[in-house]
1. Scanning for something under 27 Å from the mean Cα position of the chain (by Cα) and among the β-branched types (Val, Ile, Thr), does region 260-268 turn up at least one residue?
2. Just name the residue that is modelled with the highest pLDDT out of those in region 228-257 that are in a loop (DSSP other than H, G, I, E, B) and of a type outside the set (Phe, Trp, Tyr).
3. Does region 148-206 hold any residues that are over 29 Å from Leu39 (Cβ atoms) and among the polar types (S, T, N, Q), and which are they?
4. So, Val7, is that one over 23 Å from the mean Cα position of the chain (by Cα), crowded, with 17+ Cβ neighbours inside 10 Å and under 23 Å from Arg193 (Cβ atoms) or not?
5. Hand me the list of strands (runs of 3 or more DSSP E) wholly inside region 258-366 holding 2 or more residues that are more than 21 Å from Ile247 (Cβ to Cβ) and open to solvent by less than 40 Å² (accessible area, probe 1.4 Å).
6. Pull up region 133-143, narrow it to residues that are under 13 Å from Ala162 (Cα atoms) and open to solvent by 30 Å² or more (accessible area, probe 1.4 Å), then point me to the one that is farthest from the chain's Cα centre (by Cα).
7. Report, ordered by the first and then the second residue, all pairs with beta carbons closer than 7 Å, sequence separation of six or more or different chains, a first member in region 196-213 that is under 12 Å from Arg380 (Cβ atoms) and polar (S, T, N, Q), and a second member that is assigned to a strand (DSSP E or B) and open to solvent by less than 60 Å² (accessible area, probe 1.4 Å).
8. Just checking, which of Leu314, Leu265, Leu293, Leu303 is among the hydrophobic types (A, V, I, L, M, F, W, C) and at pLDDT below 90?
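The values are calculated or read from the model by the stated rules, or taken from the named source; none is laboratory data. Predicted model, so just to flag it, every value in this text is computed and none were measured. Because the Cβ atoms are built from the backbone with ideal geometry, glycine has one as well, and the counts that use them run over all protein chains shown. Ligands, DNA and RNA are stripped out before the accessible areas are found, and what is left, the full protein with its side chains, is counted by its heavy atoms. Shrake-Rupley method; radii C 1.70, N 1.55, O 1.52, S 1.80 Å.
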Amino acid sequence: MAIDIKVPTVGESISEVTLLKWVKNTGEYVERDEVIAELESEKATFEVNAEKSGVLTTNAAEGDTLNIGDIIASIDDTAVKPESAPGAEQAPADKVPVEAKKPAPDPEKEKPVATSGNSTAAVKATPVASAIIADKGVNPKDVTPSGFSGKIVKEDVLAALANPGRKAFSGGELYSRNERPQKMTSLRKTISRRLVEAKNTTAMLTTFNEVNMKPIMDIRAKYKDKFKEIHGVGLGFMSFFAKACAIALAEWPSVNAYIDGDQILFHDYADISIAVSTPRGLTVPVIRNVESLSMAGVEKAVLDLAKKARDSKLTAEDLTGGTFTITNGGVFGSLISTPIINLPQSAILGMHNIVERPIAENGQVVIRPMMYIALSYDHRIVDGRESVSFLVRVKELLENPTLLLIQQDPIKTLLEL
């Protein structure tokens, strides 16, 4: 008999999901508990597993929007598992498919094209095209290949030379007016709705400061190898920022609170959300009880959540809650920005790019690695004195990182010796 596979319940407030992709296709034999599809809700992605072993029949297409409880596939558990052909893994040489017998490519015919910077780019080109590129100093990245298997041919190089400084978007032609409609994913819809809601329902302001990152960078340079040897994880900037924010949140509790109806809900703990950019959009997984974690504990949590985000394995639990958010636009080169509050929270800290700049220090002009930091906050609950004082406290802790490691020997605290 056929077993129906339905869209599972993934949360109280979630009524529909999007089918991202089929891991297994119609007609394939699947084992029990094997992953057959990936679904995306407005909060996270999750997998659908086979409830029985058998032959799969799909009932929905990738990209479809489905309601909770919809039947997306069925499994015929009476089907016999196909046997692999005897000796298939050790086919005799004379039975090898023609494709497998093709001679290896001649390295002289597909030489990598050397660029003008004495480096070599892994770009295939015909001998004539390679000669023109070398003679004219053309950057192979500016040439759109049209040859077999992405090989650059003579006409491609001549076309690039005939149109210097002009290059169409990938897959298009010069003066193209092509437009591509694309359906918004559930995650992108949620991001859009929440950002607009945050702008429209909060009295959002942003205050700025700057941090001299040299003390932290000196500690990382001196102890990062020992830290990784002991804990098996790198010593990054996020642990310093998360711990500094946790201390400052305890001192300025309104920054760690949010409005709940006609009440203000204060949190006597720091569940810090870390904004993570993924190919499918922005996600904000939560590190629980940062105030109770060590530096290594924070780094391990960040590494675990980042890996889950990359692999689309974040669960609803990973994304639920959070009392404060940290976002790092500096990884993309941002110098300064005004981050938007992550509702229902009342504040968010923005990290930015580290840039060497001249500053005055003890009456002398010196060059230091500086970072602008920004705190966006809801003025309905956080006053100016509290927001500015919070950011100043974070700056003080980051510029004096031994304050984060309160003990007779701060380095023993850092390394947990």
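1. no
2. Looking only at region 228-257, we keep the residues that are in a loop (DSSP other than H, G, I, E, B), and these are 232-237, 252, 257.
Of the ones still in play, those that are also of a type outside the set (Phe, Trp, Tyr) are 232-236, 257.
Details: Gly232: 91, Val233: 91, Gly234: 90, Leu235: 91, Gly236: 91, Ala257: 96.
Here the answer is Ala257.
3. Ser149, Asn163, Ser170, Ser176, Asn178, Asn200, Thr201, Thr202, Thr206 - these are the residues of region 148-206 that are over 29 Å from Leu39 (Cβ atoms) and among the polar types (S, T, N, Q).
4. It is true that Val7 is over 23 Å from the mean Cα position of the chain (by Cα), crowded, with 17+ Cβ neighbours inside 10 Å and under 23 Å from Arg193 (Cβ atoms).
5. Of the strands (runs of 3 or more DSSP E) lying wholly inside region 258-366, those with at least 2 residues that are more than 21 Å from Ile247 (Cβ to Cβ) and open to solvent by less than 40 Å² (accessible area, probe 1.4 Å) span 276-278, 281-283.
6. Lys136
7. Close Cβ pairs (under 7 Å, with a partner that is assigned to a strand (DSSP E or B) and open to solvent by less than 60 Å² (accessible area, probe 1.4 Å)) amount to Thr202/Asp378.
8. The match here is Leu314.
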